[in-house]
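Below is one structure, written out as structure tokens; comments come after it.
No lab work stands behind these numbers, since they all come straight from the coordinates. Because the structure is a prediction, the values reported are computed rather than measured. In this analysis, Cβ positions are derived from the backbone assuming ideal geometry, glycine residues included, and neighbour counts consider all displayed protein chains.
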Amino acid sequence: MAALMTSVIDHPEKCTEYIQHCREMNIKILPPSVNSGDGPFTTENGAIRYGMYAIKSIGRGVIDMIVRERESGGPFETIRDFLERTYGKEMNKRAVENLIRAGALDAVPGTRKQLLQVYSRILDAVAAEKKESVTGQMHLFDFMDPEQKKEYEITLPPVGEFSREELLAFEKEVLGVYLSGHPLEEYQEIIKKRCTAFSSDFIPDEETGEARAENGRFVTVGGIITAKTLKYTRNNQTMAFVTVEDLMGTVESLVFPKIYEKYRDKLEPDRKVLIEGRVSAEDEKPSKLIADKVTEFSEVPRELWLAFPTMEEFKKTEREIREALETAEEGSDHVFIFIRDGKNFREETRRRTILLGESVPLFFRNLLGAENVKIRIAKR
């Protein structure tokens, strides 16, 4: 699989498809790494290490230089060690920033947020020291022993880490793929149960020239709206071209005026939606989806199941569970309690259904453990 992914390293949409296949086969995908990665994709203890050649705005010569430096001088120990050893060898600030955003410097101390805040100052300091060294000037550091030098090191600020959404956005920006996760992970059950086609089905096969989703077929796709372009008809009616991103890639949906007027509030960037419509094939181009109906993920009724080994165990957290449900936003989702020893269950949201969103399942996973929290799609 690593060799196969290397063959499409410059095509993020193909890499995304292979990443999804790896996840389905329980093959772990590791981020690129200056300390253990390489230019191409490589295998590592049964996992696949993402190739550094895939990081945008960094030439392959720079990546090769980093690998050679690591092999000759050993692993990079800190962000300063990395910058000192690679400075002046085609390494610039943009390259360093993209390495951090991609996770390639996760091997050195500091979160991505911390490293992004200090790397520029460290690089400036390293550049100044090297310049003084070239001109023969003495530097304060030349008179210090190693312990004294530590007191003058630029320290990592106590700023924590970026949110999961921000980390994923950075990976998408510099790699072209979501690597450590996907914004749609929370909704995979909805996608599995309700979607009948995926973005990869709209791409023509290289040999046959035809897409898997046949022209005229009525399908449902689901994902995040990443872009919207408005157009106006001769009658000055509004229509839209909407880009929907799913776990495999993107598909463009054409929304004619009547449908757009009906669902315009749901057709905004970052909305997670299901779009039902008809496939419109184009010669040698990805097919489009002619929209007929739009449903937000939040409108699809779901069930949250919380499992406990015994009723006694449930009683220990019952108050916290009820408080969380009482303060949750109102919606169409149901919550059930399952007691394993008696194999019985009961609904906790009979009077008021809630909106699960992302925060409610996360709260219960932290409270009870991920293995005791399951999400199902309610029966239609």
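From the cross-link list Lys14/Lys56; Lys192/Lys288; Lys28/Lys56, which pairs have alpha carbons spaced over 19 Å apart?
Values: Lys14/Lys56 16 Å; Lys192/Lys288 21 Å; Lys28/Lys56 22 Å.
Over 19 Å apart, Cα to Cα: Lys192/Lys288; Lys28/Lys56.
Can you give me the convex hull volume of the Cα atoms of region 30-102, divided per residue and expressed in Å³?
Working: hull volume 6.1 nm³, N = 73.
Normalising the Cα hull of region 30-102 by residue number yields 83 Å³.
Rounded to the nearest 500, the helix-only mean residue ellipticity at 222 nm of the chain stands at -10500 deg cm²/dmol, with each DSSP H run of n ≥ 4 adding -39,500 (n - 2.57).
In this entry, region 185-298 is assigned a mean projected area of 7.1 nm², taken as a quarter of its C-alpha convex hull surface. Taking only the Cα atoms of region 190-233, the radius of gyration and Dmax are 13.3, 37 Å.
Charges only on Cβ, +1 for Lys and Arg, -1 for Asp and Glu: so what's the dipole of the chain about the Cα centre, in debye to the nearest 20? It would help to have the intermediate numbers written out before the result.
Numbers: 57 positive and 66 negative charges, 236 e Å.
I would put it at about 1140 debye.
Relative contact order, whole percent, for the chain stands at 11, derived from Cα pairs under 8 Å and 6 or more residues apart. If you wrap the Cα atoms of region 301-377 in a convex hull and average its projected area over all directions, you get 4.6 nm².
Taking the longest Cα principal axis of the chain as reference, the axis of helix 93-102 is set at about 40 degrees.
Each of Phe256, Phe41 has some number of other Cβ atoms within 10 Å of its Cβ, and from fewest to most they run Phe256, Phe41. The convex hull around the C-alpha trace of the chain, projected and averaged over every direction, spans 26.7 square nanometres.
In straight-distance terms, cross-link reach from Lys343 covers every one of the lysines whose alpha-carbon lies under 26 Å from its own, apart from those fewer than eight places away in the same chain; here that gives Lys193, Lys315, Lys316, Lys374, Lys379. Protection proxy ranking for 283-291, 269-277, 340-348, using the average of other Cβ atoms within 10 Å per residue and placing the highest first: 269-277, 283-291, 340-348. Straight Cα distances below 15 angstrom link Lys262 to the aspartates and glutamates Glu276, Asp292, Glu296, with same-chain residues fewer than 8 positions distant left out.
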